[in-house]
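Asks: Can you read through this structure? Questions will come right after.
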Amino acid sequence: MSEQLLPRAAAINDISGFGKCSLTVALPVLSACGVETACLPTAVLSTHTGGIKGYTFRDLTEDMRAFYQHWLALGIHFDALYSGYLGSVEQADIVAEMFAAFKKQGSLLLVDPAMADHGRYYAMLDQRMARGQARLCAMADVIVPNLTEAAFLLGEEYRPGICVEKELRSVCERLCALGAKAVVLTGVHFDQEELGACCFDSATGAFDVYLTPRVPGAYHGTGDVYASVLLGGLLNGKTLPESMALAADFVYESLVRTRSQGTDERFGVDFEHGLALLSQRMLRREV
Ligand code: PXL
């Protein structure tokens with residue numbers, strides 16, 4: 001194989017044909033970050049399942065093992081594997097095998113356990129998916145759950161409301177006790193004015209928070225935009241807190257643009273107009 005010029009990632013996620021989430025977000029965002037991104041689709045849908053009725057759903061579980069084994073046989077190097085929405089609980093076993101195989105070549109493992117939000121599982125999912133995603137989180141270098149997913153990964157009830165820093169740190173520590181090396185917890189807020197994330201690195205014990213002004217509404221796909229920028233930052237040599245801030249700013253700016261356009265919240269955010277600036281930010285030394 002010829003020399004690899006760009007950092008290379010493999011995104012393991014679904015293709016929701018319409019609605020700007022999963023791979024239709026991860027691929028353009030990571031490209032803008034200068035990351036070559038292969039993809040292993042977990043399912044193909046006509047739209048995502050968040051509040052849109054009548055979607056098609058093709059589960060690709062049967063293809064996934066052969067897919068990654070072909071890449072292994074070709075000797076392809078990945079700087080990162082990035083998993084998100086799974087099309088079936090069985091896929092967690094396949095992705096765990098894939099993680100183990102590529103971990104040997106030093107790939108960073110980033111898991112976005114995309115399965116729930118606002119205290120509820122996504123359509124068709126239940127605690128079996130939480131157990132599958134928890135297995136992947138246990139192998140990961142970085143996990144990016146929202147507050148609902150964090151509770152479900154820990155087998156706890158989701159408790160809505162204002163966050164307390166001591167409790168956030170405890171959630172992160174307990175997620176790391178499952179095996180993850182570092183956690184970026186999204187949806188964190190200490191009042192109604194701001195929203196953001198906190199990160200915890202189990203190696204150093206460092207805990208950081210980054211907030212932006214809250215934009216009203218519950219727009220779809222922001223978790224995917226967030227996790228993709230976070231990975232882009234890490235693969236461009238940024239630290240975890242720096243990457244967390246880049247991701248939060250990018251999501252916030254996308255939300256502000258989208259809000260002013262007045263589009264349907266289910267149709268995702270205008271991240272496209274932020275990609276050029278994101279490319280520049282990735283190349284800058286300072287965040
Ligand atoms: O953005 C998360 C997500 C990903 N993939 C599918 C989804 C959702 C959220 O609803 O339905 C198919």
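Asks: Could you check how many residues of the range 111-128 are away from the ligand (no atom under 11 Å from the Cβ) and farther than 21 Å from R266 by Cβ?
Replies: Here the count works out to 4.
Asks: Identify all residues within the range 216-233 that are touching an Asp or Glu at 6+ places or on another chain (Cβ under 9 Å), part of a helix (DSSP H, G or I) and either open to solvent by 10 Å² or more (accessible area, probe 1.4 Å) or at positive phi (or both); write none if there are none.
Replies: G223, D224, Y226
Asks: Being open to solvent by 50 Å² or more (accessible area, probe 1.4 Å) and either under 15 Å from the mean Cα position of the chain (by Cα) or closer than 29 Å to D126 by Cα (or both) narrows it down to one of E193, E157, so name that one.
Replies: Values: E193 fails: either under 15 Å from the mean Cα position of the chain (by Cα) or closer than 29 Å to D126 by Cα (or both).
One residue alone meets the criteria, E157.
Asks: Out of the residues in the range 110-126 meeting the condition of being open to solvent by less than 20 Å² (accessible area, probe 1.4 Å) and either touching a residue at least 40 places away in the same chain (Cβ under 8 Å) or in a strand (DSSP E or B) (or both), tell me which one is farthest from L153 (Cα to Cα).
Replies: Taking the range 110-126 as the starting set, the residues that turn out to be open to solvent by less than 20 Å² (accessible area, probe 1.4 Å) are 110-116.
With either touching a residue at least 40 places away in the same chain (Cβ under 8 Å) or in a strand (DSSP E or B) (or both) added as a condition, the list becomes 110-114, 116.
Numbers: L110: 15, V111: 12, D112: 12, P113: 9, A114: 11, A116: 10 Å.
Looking at residues that are open to solvent by less than 20 Å² (accessible area, probe 1.4 Å) and either touching a residue at least 40 places away in the same chain (Cβ under 8 Å) or in a strand (DSSP E or B) (or both), I get L110.
Asks: Exactly one of these conditions fails for C163: (1) open to solvent by 50 Å² or more (accessible area, probe 1.4 Å); (2) at pLDDT below 95. Give me its number.
Replies: (1)
Asks: Out of all the residues in the range 4-18, which are surrounded by 24 or more Cβ atoms within 10 Å (Cβ to Cβ) and either in a loop (DSSP other than H, G, I, E, B) or within 16 Å of the ligand (Cβ to nearest atom) (or both)?
Replies: Keep residues of the range 4-18 that are surrounded by 24 or more Cβ atoms within 10 Å (Cβ to Cβ), which gives 9, 11-14, 16.
A11, I12, N13, D14, S16, listed by residue number.
Here is a yes/no grid of residues against (1) within 13 Å of the chain's Cα centre (by Cα); (2) within 21 Å of D201 (Cβ to Cβ):
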site	(1), (2)
P216	no, no
T222	yes, no
Y226	yes, yes
E242	no, yes
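Asks: Oh, and also: I need the full set of residues from the range 26-63 which are of a type in the set (A, V, I, L, M), crowded, with 20+ Cβ neighbours inside 10 Å and more than 8 Å from the ligand (Cβ to nearest atom), in order please.
Replies: Correct list: A26, V29, L30, A32, V35, L40.
Asks: What number goes with the only condition from (1) under 26 Å from A138 (Cβ atoms); (2) within 16 Å of the ligand (Cβ to nearest atom); (3) in contact with a Cys (Cβ under 8 Å, 6 or more places away or on another chain) that L175 does not pass?
Replies: With (1) under 26 Å from A138 (Cβ atoms); (2) within 16 Å of the ligand (Cβ to nearest atom); (3) in contact with a Cys (Cβ under 8 Å, 6 or more places away or on another chain) applied to L175, the lone miss is (2).
Asks: Can you tell me which of T212, T148, T239, T222 is more than 16 Å from the ligand (Cβ to nearest atom), polar (S, T, N, Q) and more than 16 Å from L109 (Cα to Cα)? It would help to see each step written out before you state the result.
Replies: Details: T148 fails: more than 16 Å from the ligand (Cβ to nearest atom); T239 fails: more than 16 Å from L109 (Cα to Cα); T222 fails: more than 16 Å from the ligand (Cβ to nearest atom).
After applying the criteria, what remains is T212.
Asks: If you don't mind, another one. Would you confirm whether or not the range 253-270 contains a residue that is under 19 Å from P7 (Cα atoms) and touching a residue at least 24 places away in the same chain (Cβ under 8 Å)?
Replies: Let us first name the residues in the range 253-270 that are under 19 Å from P7 (Cα atoms), namely none.
Within the range 253-270, not a single residue is under 19 Å from P7 (Cα atoms) and touching a residue at least 24 places away in the same chain (Cβ under 8 Å).
Asks: Could I ask something else about it? Can you run down the residue pairs with Cβ atoms below 8 Å, 6 or more apart or on separate chains, where the first is in the range 12-27 and more than 21 Å from S107 (Cβ to Cβ) and among the charged types (D, E, K, R) and the partner is open to solvent by 50 Å² or more (accessible area, probe 1.4 Å) and not in a strand (DSSP E or B)?
Replies: From residues that are more than 21 Å from S107 (Cβ to Cβ) and among the charged types (D, E, K, R), the pairs are K20/F267.
Asks: Among the residues of the range 185-206, what is the count of those that are within 17 Å of R174 (Cβ to Cβ) and among the hydroxyl-bearing types (S, T, Y)?
Replies: Looking only at that region, the number is 2.
Asks: Can you confirm whether the range 255-271 contains a residue that is farther than 18 Å from A140 by Cβ, assigned to a loop (DSSP other than H, G, I, E, B) and among the basic types (K, R)? Give the steps one after another, and end with the answer.
Replies: Within the range 255-271, the first condition is being farther than 18 Å from A140 by Cβ, and the residues that meet it are 255-271.
Within this subset, residues satisfying the condition of being assigned to a loop (DSSP other than H, G, I, E, B) are 262-264, 268-271.
Cutting the leftovers down to among the basic types (K, R) gives us none.
No - not one qualifying residue is present in the range 255-271.
The values are calculated or read from the model by the stated rules, or taken from the named source; none is laboratory data. Just so you know, these numbers come straight off a predicted model, no measurement behind them. Note: ideal-geometry Cβ built from the backbone for every residue, glycine included; neighbour counts use all protein chains shown. In case anyone asks, the SASA skips ligands and DNA or RNA and just uses the protein heavy atoms, side chains included. Shrake-Rupley method; radii C 1.70, N 1.55, O 1.52, S 1.80 Å.
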